[in-house]
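Chemist: What follows is a single structure, and I will ask about it in a moment.
The values are calculated or read from the model by the stated rules, or taken from the named source; none is laboratory data. Being a predicted model, the structure only gives us computed values, none of them experimental. Methodologically, a virtual Cβ is constructed for each residue, glycine included, from the backbone with ideal geometry; neighbour enumeration extends over all protein chains shown.
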Amino acid sequence: MQSIFIAELIGTMLMILLGNGVVANVVLSKTKGQESGWMVITTAWALAVFVGVVVAGPYSGAHLNPAVTLGLALTGGTPWQQVPIYIIGEFLGAALGAALVWLSYKDHFNATTDEATKLACFATAPAIANKTNNFISEVIGTFVLIFVIFFIAEPSLESASLAEAKIGLGSLGALPVAFLVWVIGLSLGGTTGYAINPARDLAPRIVHFLLPIKGDSDWSYAWIPALAPLVGATLAAVIYHLLQ
């Protein structure tokens with residue numbers, strides 16, 4: 001249990017540090033990467049997932065995402081008693097990663113005047129505010145993530161008993177997951193910024209609220225990237241189960 005918690009904390013921390021870090025590099029004032037664009041953001045986010053999976057995979061299966069944990073629990077890949085350990089590690093890791101982004105880019109946060117731009121380095125926001133459509137977008141993106149993970153991971157589910165196997169992103173290799181996250185970002189991320197991960201959005205949003213950064217943390221939107229990925233993961237698990 002302890003190794004799972006530590007692995008999820010460190011893996012998620014690295015993922016958020018590098019993922020939110022690229023957002024900071026692209027959108028904050030006076031950075032070397034300012035205005036380098038969506039391709040840079042989606043590519044670095046995919047590689048951030050790769051890094052997190054490589055580190056956490058051997059110890060926890062590298063869920064790095066409560067939606068992944070839920071999906072695998074619903075399909076029998078993760079014991080339910082381990083779910084709280086995974087989720088606590090994921091949220092704490094995401095919070096720590098977000099704080100490190102702020103520390104690394106502190107001068108550039110100070111040089112940036114737009115409050116929404118600063119928030120974007122922590123949490124997602126819709127390109128067009130429409131809560132119904134924003135919710136649906138996050139459900140669809142997460143559904144694709146979890147559903148495809150089931151099929152990539154399928155051979156490993158039969159290779160060892162569930163009591164011994166650490167089944168998750170790490171069991172299927174980091175590279176396929178990185179490509180999956182990349183294509184989701186490129187194809188589906190333009191509507192909401194593709195949180196597809198409650199910990200990725202909510203924990204950094206809380207950090208934004210706690211840090212001495214001026215600006216609204218947009219709590220009226222925060223429930224969408226927190227809840228919609230769980231709905232998407234549940235739908236993916238149900239449909240995957242019906243196909244078996």
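Chemist: Tell me, which residue of the stretch 78-107 that is within 25 Å of residue 60 (Cα to Cα) and out of contact with any helix residue (DSSP H, G or I) (no Cβ under 6 Å at 6 or more places or on another chain) is surrounded by the fewest Cβ atoms within 10 Å (Cβ to Cβ)?
Modeler: So the residue we want is 81.
Chemist: Select, from 181, 144, 139, the only residue that is modelled with pLDDT of 95 or more, more than 27 Å from residue 59 (Cα to Cα) and part of a helix (DSSP H, G or I).
Modeler: 139
Chemist: I want to confirm something. Restricting to the stretch 195-244 and keeping residues that are assigned to a loop (DSSP other than H, G, I, E, B) and of a type in the set (D, E, K, R), which single residue is modelled with the lowest pLDDT?
Modeler: Once the filter is applied, the top-ranked residue is 214.
Chemist: Follow-up. Condition test on residue 157, is it farther than 20 Å from residue 54 by Cα, at pLDDT below 70 and surrounded by fewer than 22 Cβ atoms within 10 Å (Cβ to Cβ)?
Modeler: No.
Chemist: Go through the residues of the stretch 57-80 one by one and say whether even a single one is among the polar types (S, T, N, Q), within 21 Å of residue 14 (Cβ to Cβ) and in a helix (DSSP H, G or I).
Modeler: Yes, because at least one residue in the stretch 57-80 is among the polar types (S, T, N, Q), within 21 Å of residue 14 (Cβ to Cβ) and in a helix (DSSP H, G or I).
Chemist: Please enumerate the residues belonging to the stretch 86-124 that are of a type in the set (S, T, N, Q), assigned to a loop (DSSP other than H, G, I, E, B) and under 24 Å from residue 53 (Cα atoms).
Modeler: Within the stretch 86-124, 124 is the sole residue that qualifies.
Chemist: Right, next: Does any residue of the stretch 208-225 turn out to be under 24 Å from residue 47 (Cβ atoms) and either polar (S, T, N, Q) or touching a Pro at 6+ places or on another chain (Cβ under 6 Å) (or both)?
Modeler: no
Chemist: Something else now. Does residue 8 qualify as being of a type in the set (Asp, Glu), under 22 Å from residue 123 (Cβ atoms) and touching a residue at least 40 places away in the same chain (Cβ under 8 Å)?
Modeler: yes
Chemist: Please go through the stretch 61-107 and pick out each residue that is in contact with a Ser or Thr (Cβ under 8 Å, 6 or more places away or on another chain), modelled with pLDDT of 95 or more and small (Gly, Ala, Ser).
Modeler: 67, 71, 89, 93, 94, 97
Chemist: If we scan the stretch 108-122, do we find a residue that is of a type in the set (A, V, I, L, M, F, W, C), surrounded by 22 or more Cβ atoms within 10 Å (Cβ to Cβ) and touching a residue at least 12 places away in the same chain (Cβ under 8 Å)?
Modeler: yes
Chemist: While we're looking at this one, here's another question. Just to be sure I understand the filter: pairs with C-beta atoms under 9 Å, separated by 6 or more residues or on different chains, first member in the stretch 194-210 and farther than 19 Å from residue 86 by Cα, second member surrounded by fewer than 22 Cβ atoms within 10 Å (Cβ to Cβ) and at pLDDT below 95. Which pairs pass?
Modeler: Close Cβ pairs satisfying both conditions: 208/215.
Chemist: Looking only at residues in the stretch 206-236 that are buried (at least 22 other Cβ atoms within 10 Å of the Cβ) and small (Gly, Ala, Ser), which one is nearest to residue 132 (Cα to Cα)?
Modeler: Here the residue is 228.
Chemist: Another question about this same structure. Which members of the stretch 103-148 meet the condition of being in contact with a Leu (Cβ under 8 Å, 6 or more places away or on another chain) and aromatic (Phe, Trp, Tyr)?
Modeler: 105, 109, 135, 143
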